[in-house]
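The values are calculated or read from the model by the stated rules, or taken from the named source; none is laboratory data. Source: prediction; values computed, not measured. Quick reminder, even Gly has a Cβ in these numbers, built from the backbone with ideal geometry, and neighbours come from all protein chains shown. Areas reflect the complete protein model, heavy atoms only, side chains present, ligands, DNA and RNA absent. Shrake-Rupley method; radii C 1.70, N 1.55, O 1.52, S 1.80 Å.
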Amino acid sequence: MSELTSPLTEQLSVATITEDVPKAEFSDRVPIQSIILREDGGSGLAGKKARVGGWVKTGRKADKDAFAFLELNDGSCAGNLQVIVEASLADLGQLVLTGTCVVVDGHLKLPPSGTKQKIELRADKVLHVGPVDPAKYPLPKGRLTLEFLRDVVHLRSRSNTISAVARIRNALAFATHTFFNKHGFLYVHTPIVTTSDCEGAGEMFQVTTLFNEAERVEKELIQNPPPTEADVEAAKLVVLEKGAVVSQLKSAKADKKEISASVDELKKAKENASKLEERSKLKPGIPRKDGKVDYTRDFFARQAFLTVSGQLQVESYACALSSVYTFGPTFRAENSHTSRHLAEFWMVEPEIAFADLEDDMKCAEAYVKFMCQWLLDNCHEDMQFMADKFDKGCIDRLKMVASTPFIRLSYTEAVEILEVAVKNGKKFENEVEWGIDLASEHERYLTEVKFQKPVIVYNYPKGIKAFYMRLNDDSKTVAAMDVLVPKVGELIGGSQREERFDVIQQRIKEMGLPLEPYEWYLDLRRFGTVKHAGFGLGFERMILFATGLENIRDVIPFPRYPGRADL
């Protein structure tokens, strides 16, 4: 921070105030990025008025508490704007506290030569102060660990790292929509609640109201015990009596009003008897039928789950609209505590009709390259922050991936390379042999040691891949492909889909899956089947790859993992 300048220096640096800096379109203030991210660092705005708002990163008093210097950040960029506030304008003791929210009107001026910042703001009026109790504020000044920040997830976006990740994540999401729209794909919203297990692994979160309903019934039965069998029989007897009265009145050709009144009484008696009989059947606990949970009594009248993938559903649109993609949250009930797993994460899943595995690999490579170049072109400040604080090589890695053709090799070739490495003394924790599902250490060896660039492995053994992947002519492998990248290993998994009805029906049976939930999926093969392919990219893994961060919990705004679902 600069010290105060003399009145003469300040007069020369401010020049004549002529106009305000343009404000944000939907906010009564100037975003800090529009000041300090200019090519001149904001120096060209000297002499103009501006209203800025943000949160104090650091603050200090100066000149015997006559002034305060505030480093203000509003989240629009990584950099801060230095704001100078006189003691006559506000309580400086509150303003300098980290976390305080401040809105000020002021004029921009050039700081003394030799200082880091190119522009600073001299406050003329303090419009708002959102105070902070320093004894209770959980984000003290100073560097905080990412582990610590996970325990204050509602405030961690105020930290430099998480705010940078948020901007990078936003840029990658925008790049995703830009890429697919540029190439003629339609964005399809697939359901979050599903009755299909796309992966066939069974690690799904169940969606049910049976427990809530069971608790409600149990509470109701305690407060209002069910009628006895005698109560029900008595109610039925009243129905018979009321029915007899109606019959007698009709036989005697009584007055219509009298008959109508008796009919009304009969209806009420029947409704009462019906309600009593229904309540008499209420039992505490989960409803069962033939010894199993009776899901016909559940909200959707069948078992339902949170989706593990939107792929199956988006395929139905690919088989009508040709090129589509979905981008949304997916869920896995895998009890894993590793740095690579989340219970809720986001997937990008394009699907292309009239396309084979080769087309699929081309699309995946182009998409990854596009995202890397997008970050280089649009997120330099935040990527430089990541390079300075976490991973010196992250920017070079983006440049390499954006400009280098990906290596392609079959699964069999990949295993042979790994076997040679083992013979030459390389030790893997997981055994290498044909038929295994490549582990992260195998994937990273291929990308970081052997080739030092992204690798696409294709034609995997059918036994380790999903039922919907197209069976190759050797009947041993399927037309599947994984895009492997340095730092994270598998980034994309995809395949050409099995379009042959008889083959996919047999594959479902081989996997031990019931046919009934997939009948709609089989219809896509029954009626106008078409060659098609697609893939899924783990969005958080892409952010890990880009930033160099180590834990996937730090690249999603609100991480969900075993034991934690804050907010």
Checklist entry - When Glu510 is evaluated against the numbered criteria (1) in the same structural domain as Ala387 (by the TED database); (2) touching a helix residue (DSSP H, G or I) at 6+ places or on another chain (Cβ under 7 Å), which criterion, by number, is the only one it fails? => result (2)
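How about segment 139-148: which of its residues are open to solvent by 40 Å² or more (accessible area, probe 1.4 Å) and either in contact with a helix residue (DSSP H, G or I) (Cβ under 7 Å, 6 or more places away or on another chain) or closer than 17 Å to Val165 by Cβ (or both)?
Answer for segment 139-148, where residues must be open to solvent by 40 Å² or more (accessible area, probe 1.4 Å) and either in contact with a helix residue (DSSP H, G or I) (Cβ under 7 Å, 6 or more places away or on another chain) or closer than 17 Å to Val165 by Cβ (or both): Arg143, Leu144, Thr145, Glu147, Phe148.
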Checklist entry - For Tyr460, are the conditions met, namely being in contact with a strand residue (DSSP E or B) (Cβ under 8 Å, 6 or more places away or on another chain) and either open to solvent by 50 Å² or more (accessible area, probe 1.4 Å) or modelled with pLDDT of 95 or more (or both)? => result yes
Next on the checklist: Quick test of your reading of the structure: Glu431 fulfils all but one of (1) open to solvent by 10 Å² or more (accessible area, probe 1.4 Å); (2) under 29 Å from the mean Cα position of the chain (by Cα); (3) charged (D, E, K, R). Name the failing condition by number.
Outcome noted: (2)
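Take segment 530-567 and flag every residue that is assigned to a helix (DSSP H, G or I) and in contact with a Pro (Cβ under 7 Å, 6 or more places away or on another chain).
Arg553
Only one residue in Glu365, Glu315 is closer than 18 Å to Thr178 by Cβ and out of contact with any Gly (no Cβ under 6 Å at 6 or more places or on another chain). Which one?
The match here is Glu365.
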Checklist entry - Which of the residues belonging to segment 544-559 are surrounded by 22 or more Cβ atoms within 10 Å (Cβ to Cβ) and of a type in the set (Val, Ile, Thr)? => result Thr547, Val555
Checklist entry - Which residue out of Gly54, Gly41 is open to solvent by less than 20 Å² (accessible area, probe 1.4 Å) and assigned to a loop (DSSP other than H, G, I, E, B)? => result Gly41
Item to check | Selection count where residues are more than 28 Å from Val193 (Cβ to Cβ), modelled with pLDDT of 95 or more and outside any helix (DSSP H, G or I), scope segment 321-370 | outcome: 3
Checklist entry - When segment 98-132 is examined, which residues are found to be in contact with a Ser or Thr (Cβ under 9 Å, 6 or more places away or on another chain), open to solvent by less than 50 Å² (accessible area, probe 1.4 Å) and not aliphatic (A, V, I, L, M)? => result Thr98, Lys109, Pro111, Pro112, Thr115, Gln117, Glu120, Gly130
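Return the residues of segment 77-92 that are in a loop (DSSP other than H, G, I, E, B) and either open to solvent by 30 Å² or more (accessible area, probe 1.4 Å) or farther than 15 Å from Arg122 by Cβ (or both); say none if nothing qualifies.
Cys77, Ala78, Gly79, Asn80, Ala87, Ser88, Leu89, Asp91
This table checks each residue for (1) in contact with an Asp or Glu (Cβ under 9 Å, 6 or more places away or on another chain); (2) β-branched (Val, Ile, Thr); (3) exposed (fewer than 15 other Cβ atoms within 10 Å of the Cβ); (4) within 26 Å of Arg497 (Cα to Cα).
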residue	(1), (2), (3), (4)
Phe327	yes, no, no, yes
Thr330	yes, yes, no, yes
Asn378	no, no, no, no
Asp382	no, no, no, no
Asp388	no, no, yes, no
Cys394	no, no, no, no
Item to check | Cβ pairs under 8 Å, 6+ apart, first in segment 516-531 and over 16 Å from Val503 (Cβ atoms), second open to solvent by less than 70 Å² (accessible area, probe 1.4 Å) | outcome: Pro517/Thr195; Pro517/Ser196; Pro517/Asp197; Trp520/Ser316; Gly528/Cys319
Checklist outcome for this item: Pairs returned, first residue in segment 205-226 that is under 24 Å from Asn272 (Cα atoms), second residue that is among the aliphatic types (A, V, I, L, M), beta-carbon separation under 7 angstrom, 6 or more apart or interchain, are Ala214/Ile286; Val217/Leu282; Leu221/Leu282; Pro226/Leu282
Next on the checklist: Against the definition (touching a Leu at 6+ places or on another chain (Cβ under 8 Å) and either more than 27 Å from Glu215 (Cβ to Cβ) or at pLDDT 90 or above (or both)), how does Val263 come out, yes or no?
Outcome noted: no
Next on the checklist: hydrophobic (A, V, I, L, M, F, W, C) and buried (at least 19 other Cβ atoms within 10 Å of the Cβ): is that true of Leu95 in this structure?
Outcome noted: yes
Item to check | In segment 57-76, the residues that are of a type in the set (Asp, Glu), open to solvent by 30 Å² or more (accessible area, probe 1.4 Å) and at pLDDT 95 or above | outcome: Glu71
Next on the checklist: Tally up the residues in segment 332-370 that are open to solvent by less than 20 Å² (accessible area, probe 1.4 Å) and closer than 22 Å to Ala304 by Cβ, please.
Outcome noted: 3
Checklist entry - Hey, any hits in segment 497-516 for a residue that's open to solvent by less than 10 Å² (accessible area, probe 1.4 Å) and not in a helix (DSSP H, G or I)? => result yes
